Each structure stands twice: as structure tokens, then as C-alpha cells.
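Peer 1: To start, I am sharing the structure in question, which I have written as C-alpha cells.
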Amino acid sequence: MNKLKIFLSMLILTGMVSSCKESLDVKNPNQPSSEAMKTESGLISFGLGVYVSGFKNIKFYDGVPGYFWSGAIGNHELMGDVIGTDIANIFINQIGCPDQVTLDDGSVLLNPNSPNKQIEFIRITANVNSTGYQNSTYYEWGYMYNLNNACNTILANVDAITYTGNADVKKGLLKAWAHWWKGYAYSRIGSMYYAGLIVDASNGENLNGTNGKYVTKEAMITEANRNLDEASRILGTLTEGDDYTTTMQGLIPSFNRVGKGGVLTPAMWQRNIATMKARNILVNTKVSEMSAAKWAEIKTLTDNGIRATDFVFTGRTNTNGDFLAPTTGSVSAKTAGTSTYKITERLIQDFKAGDQRFTNNFKQRASTYIGEVARGNAFFTRWELIDRGSVPGDSKVIQFANQTAGGYELFLAGSYEENALMQAEALIYTGNIEGGLALIDAVRIAQGASLAATVGKGLTLAEAKEELRRERRIGLLFRALSFYDARRWGVIENGRTGVVALSRAGIVSTNATIKYNYLDYWDVPDNEITYNAPTEGSAAVKNPK
């Protein structure tokens, strides 16, 4: 990625973080040999900077979709059909535009873009180096390789520093931090792109900072898991105490250490790793191709995964928008009210009657949103996401949006709900329907859904799978999992029937059919290929679909 000249030294600049001196006091090392990197405090500050280098600043930027958690992740939620948009910036309206929608009267709404398929559009128009910042497929790649480079820089310097107090704990914690985020970055690359790069040199060590040896998406996930395992191994050697706590507080900004965010103990962190590894299996395997061995592995990992009382990796907004801006920093923020994204009819229809998560978070718009009909065929909607919910003080029901500084809790990686629902899926698909339903009920209770229990009702396998499908779309809303699920469930290939959709005149169909035909794994961005051509022996960088 570094041949795109998205160097960390160009990104983590003193001026860029001057407004967040207390919480994101990131040092400004131009290279790993910088004086700032030769001190304990300097390296810890640099480690804190992953929140900037990995999620906020890269070479290109468009202010409408926004940064990683609103823009790059917006692509996931658009293709997962929980949000829609007619905004044309960096082609996001075309990224989330299905091939066709067939309404109840038999009329067909085709993709109005030219060419008429998302796959063709991406390859002919969007994923071309000359489009520069307009290439939607570039952003997740760019952010994750920035994050990876920051981690490489930490690992290149961690052993050369003199530490105060318990040096083994501090050094080990910094190494675990770097391997965790490397594993995270490679997980996202391997789960979204057809090929990737394994890069262990930082820009400061090697001015190219990369290589042209592309590997398969499967190899990327293997390398992701190797880094996650290394982080877990290191954490198993660390003892808690003042040095551990102080170092963790130096790595996680204070505004992210609230709610479910906090100083993770080594055991909590290891459980977060187990959940991430379970995700890597689940989201990268079609349900129809899941083997008994893979279900067993997911069961084992989720047995050792995140618990309801564990701290996890979260993000929060603050007034300055140091990491996330209150009204623009996430998909949630950019969906609340009448913003960039719009809630889709398909998400709303997945709520069961009486679900308080619906009652407290959504309302019918004053008028149906049709928007620019020449920019899509599925974003028309009657619904709106409510900022802070209809009962802002009701802490018993989850809020899907809160544009007040510090109000919205963004899950950066795994969560209790995700772990429980992965475990539920493994149980349901291996014959323990009641055990899986009990976990679905537990997630609904935790989020204040106030729905009747599903366990003990004699649900069939098909009915249990439908409960799971609904709950993953609702209980994990805005957690960057909707597209993965649509892909592994075959929705993007086979489409979805019996859905609610609107005509361009706002007429409601309740038994419509949508054919999505989205590209399941994106080609390597041409912005990368142009400057870093594949070397001999590289894996294919273009999805054959």
C-alpha cells in the first residue's frame, strides 16, 4: 500500500492532532529512527495514533461519505441493504444499487446507471486509478494498510527502548497491541478483497515499505489469524498491575474508555481475539459450504469469546471530532435524521411486531423519500432513524443513533452480541436449535427488545434460521457485518424475494423481488496496482466473477 505514498509520516502530523492534545497526543516521527520513537512515552503515543492512522486519515478523502467508519464502512451497509443513498460522491449510490427490483405489479426498476450492473460499473468506471479519490474500492484498502504500517513501526522500535517499571509488561503490551491491529487489518483486507499484501516492513525501514507479492484472500486470513494468535500468546504471559493499566490507558483514548470500552484485562483481550477469529471463519465461508469441522471451530472459539461483562474495543465521539465527529463520524451518524444515508424498507420489515428497538429508534417520515430517481432503484423509503431514540433517557433499549458528543457507542471489532449470535448459528446448524434460540433471546433481552422468547416454542430449523437472520441484521446493525452476511447467505447472488420496496411514485410493494448481483470480493484497487504491479508468482488480483 505504501507505494501509493500514503506514508504514516505524512499522516500523523502535529497540526492534525493539536486539538486533541490530551487524549490523542500522537508524536510526529518521520521514521522509526526519529527521536520520538526512542522513548517509552513516544512509542506509546505512537501506538495511540492507530486511531488516527487506521481510521481517519489517508491520501484521499471525500467529505460527504466521510472517513473510515462512515465512508468505507458505508459501502458494507449499502451492499447489505440496511441503508441506501442517492448521493453520488465517490459513486456510493452505484455501490449500493441492485441490478433490478421487480414490484408487485410486475414492473421492473432497472439499475439506472451505465453500465447497468454494479460489477461492470466498478471495473469500468470506479476502480480505475485515474478516478483518484472517486474510487470507492480504494478506501478500506488504504485505511487498513495505513494501520498495518503503524503497527510495523511499533514492532520495529519496541525492543530498542528503555522502559521504566516492569519493562516486560510494557514491551509485551506494545507488541500485543501491534499484532492485534495487524490481525485486524489483515482480517478486513482478506474479508473484502480478492487478494492482498503481507507487509511487515514499515516505511521508515524500507522507503518502498511494501512488496509486489500479492497473496490470496485465504492467505490474508491465515496471516491475520497468525497475528491474532501471537497477540493472544503474548497476552498470556502478561500480569495485570499498575504498569499494565497505565500503558493501556496510554494506548486507548479516554473518551473510548467508557461504556463497553475500557482497559481490557489480558483475559478479556484474548476473548476478543477468539471472537475475531470466529468471525474470520464465518464471514468468509458460504453457509452452504460450512463443514462440521468449521462449525465446531466456531463453537470452540465462541465458547472462549467475548462475554456480556467484558470490555471490548469501542469508539466514541467528542466535541472536537478527534477520532469520530458526533454528526458525521459513523454510518449511524450519517443515517440519523435526513442525512447522507437512508434506512431501507428491507431493514424495517425485518423487525418483529412489538420490538422496542424499532419503536425507540425509527419513525415514519413526514413524506416518502424518493430523491434522485436517476441514481438508483432501491433507496426509496418511508422511514427515518431517530437521533437519540424516541425516549432519549431510556437506557433499557439500545440506541442505534446518538449525535451528541460521546453518546454513540461504536463497536470497532467484536462484541458480546456478535459472539452470542455466531455461537447461536453454530448450534442451530448442528442440531441444537433450542440452544441457539436461547442465545438469540439473550441478545434481544440485552438490547431491550421486549420480544417474546423463541426458546421452547417448538420452532423448526427453517424458523430458527429466520430468527437468526433477522437478529443479525437488527442486533448487529451498523457493525459492518450486513454485507458479509448477505454474501455468505447467497443474497447478493440469488437475490431476495418477498420484500418491501417502493416504486418511483412511492407506491408500496410487499412482495417484491430484488436481484443484487454485487461483486462478492472486490478486486485489488487499481490505485495500488498502478504503482505496485504484481510480481512473478503473485496471486490473481482480479476476482474472476
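Peer 1: Considering only the stretch 376-396, state which residues are over 16 Å from residue 335 (Cα atoms) and surrounded by fewer than 18 Cβ atoms within 10 Å (Cβ to Cβ).
Peer 2: 391, 392, 393, 394, 395, 396
Peer 1: Taking residue 170 and the conditions (1) in contact with a strand residue (DSSP E or B) (Cβ under 7 Å, 6 or more places away or on another chain); (2) modelled with pLDDT of 95 or more, which numbered condition does it fall short on, given that it satisfies the others?
Peer 2: The number of the failed condition is (1).
Peer 1: Within the stretch 435-471, which residues are β-branched (Val, Ile, Thr), in contact with a helix residue (DSSP H, G or I) (Cβ under 6 Å, 6 or more places away or on another chain) and not in a helix (DSSP H, G or I)?
Peer 2: 454, 455
Peer 1: Is it the case that some residue within the stretch 406-424 is free of Cβ contacts under 8 Å to residues at least 12 places away in the same chain and touching a helix residue (DSSP H, G or I) at 6+ places or on another chain (Cβ under 8 Å)?
Peer 2: no
Peer 1: Out of the residues in the stretch 228-253 that are polar (S, T, N, Q) and assigned to a loop (DSSP other than H, G, I, E, B), state the one that is modelled with the lowest pLDDT.
Peer 2: Among them, the one singled out is 239.
Peer 1: Which ones in the stretch 75-126 are of a type in the set (D, E, K, R) and buried (at least 24 other Cβ atoms within 10 Å of the Cβ)?
Peer 2: Residues satisfying the conditions are 77, 81.
Peer 1: Further, regarding this structure: Identify the residue in the stretch 467-512 that is among the polar types (S, T, N, Q) and without any contact (Cβ under 8 Å) to a residue 60 or more places away in the chain and, among all such residues, is nearest to residue 444 (Cα to Cα).
Peer 2: By that ranking, first place goes to 497.
Peer 1: So which residues in the stretch 220-252 are surrounded by fewer than 19 Cβ atoms within 10 Å (Cβ to Cβ) and among the charged types (D, E, K, R)?
Peer 2: Of everything in the stretch 220-252, those that are surrounded by fewer than 19 Cβ atoms within 10 Å (Cβ to Cβ) and among the charged types (D, E, K, R) turn out to be 226, 229, 230, 233, 240, 242.
Peer 1: When you scan the stretch 50-160 for helices (runs of 4 or more DSSP H) that lie fully inside it, which ones turn up with 2 or more residues that are polar (S, T, N, Q) and within 27 Å of residue 502 (Cβ to Cβ)?
Peer 2: The qualifying helices (runs of 4 or more DSSP H) are 92-95.
Peer 1: Run down 136, 130, 70, 107 and say which single residue is free of Cβ contacts under 8 Å to residues at least 60 places away in the same chain and hydroxyl-bearing (Ser, Thr, Tyr).
Peer 2: When all the criteria are applied, what remains is 130.
The values are calculated or read from the model by the stated rules, or taken from the named source; none is laboratory data. Nothing here was measured: the structure is a model prediction, and the numbers come from that model. Neighbour counts are summed over all protein chains in view; Cβ atoms, including those assigned to glycine, are modelled from backbone coordinates with ideal geometry.
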